[in-house]
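There's a structure below that I have some questions on.
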Amino acid sequence: MERLKRQYAAFVRTRQAATLSCEGYDDLIRRQRSHIRAAREKVGELMARQGHMLETMAVNELAARRERLAEFQIKARFGMADSYDRATRAQIQEKGE
């Protein structure tokens with residue numbers, strides 16, 4: 001019995017020491033939780049803004065690529081037309097000679 005009483009007393013002392021060591025931190029914990037909430041909100045807002053910016057950049061890049069492809073198509077068409085013209089002239093010259 002005596003041994004159990006000593007263990008219980010040690011447990012009570014440990015519990016009291018733990019309780020006392022945590023006192024006074026309530027305000028600090030509340031402030032930190034408030035800071036964490038504010039930081040989470042800010043991060044959420046920044047992520048949304050970043051996502052919008054990335055979307056805008058991607059759309060702009062795709063539009064620029066579309067314009068370049070259209071230019072390449074036009075140049076290819078003119079190149080083919082020029083090639084056909086030269087081939088036709090060459091055939092006409094061969095028949096004339």
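Where only protein heavy atoms count, and the probe is 1.4 Å, what is the accessible area per residue for the chain in Å²?
About 99 Å² of surface per residue is accessible.
Just to be sure I understand the model, the point goes 7 Å from the Cα along the line to the Cβ. What's the resulting residue 78 to residue 18 distance in nm?
Rounded to a tenth, the inter-label distance reads 8.3 nm.
Ok, one more. Tell me the angle of helix 26-96 to the major Cα principal axis of the chain, expressed in degrees between 0 and 90 and rounded to the nearest ten.
Approximately 10 degrees, to the nearest 10.
Rg/Rh for the chain: what does it come to with C-alpha atoms and Rh from Kirkwood?
Rg divided by Rh gives 1.81.
Out of segment 25-97, which chymotrypsin sites (Phe, Trp or Tyr not before Pro) are coil in DSSP terms and have no more than 13 other C-beta atoms within 10 Å? Before the final figure, lay out the partial values.
Details: sites: 25, 72, 78, 84; in loops: 25.
Sites meeting the loop and neighbour criteria: 25.
How long is the gain from residue 40 to residue 86 if the chain were fully straight, where each residue apart is worth 0.36 nm and the alpha carbon distance is subtracted?
9.8 nm
Please give the contour-minus-distance gain from residue 58 to residue 28: 0.36 nm per residue of separation, less the Cα-Cα distance, rounded to one decimal in nm.
6.4 nm is the gain from fully extending residue 58 to residue 28.
So, with a 1.4 angstrom probe, what is the percent of accessible area on the chain that is carbon and sulfur?
58 percent
Would you compute, from DSSP H runs of 4+ residues alone, the mean residue ellipticity of the chain at 222 nm, taking -39500 (n - 2.57) per run and dividing by the full residue count, rounded to the nearest 500?
Using -39500 (n - 2.57) per qualifying helix, the result is -35500 deg cm²/dmol.
Also: For the residue pair residue 65 and residue 10, what label-to-label distance in nm results when each label sits 7 Å from Cα along the Cα-to-beta-carbon direction?
7.1 nm
The values are calculated or read from the model by the stated rules, or taken from the named source; none is laboratory data. What you are looking at is a predicted structure, and each value in this text was computed from that prediction instead of being measured. Backbone-built Cβ (ideal geometry, glycine too); neighbour counts: all protein chains shown. These accessible areas exclude ligands, DNA and RNA; they are computed on the full protein's heavy atoms, side chains included. Shrake-Rupley method; radii C 1.70, N 1.55, O 1.52, S 1.80 Å.
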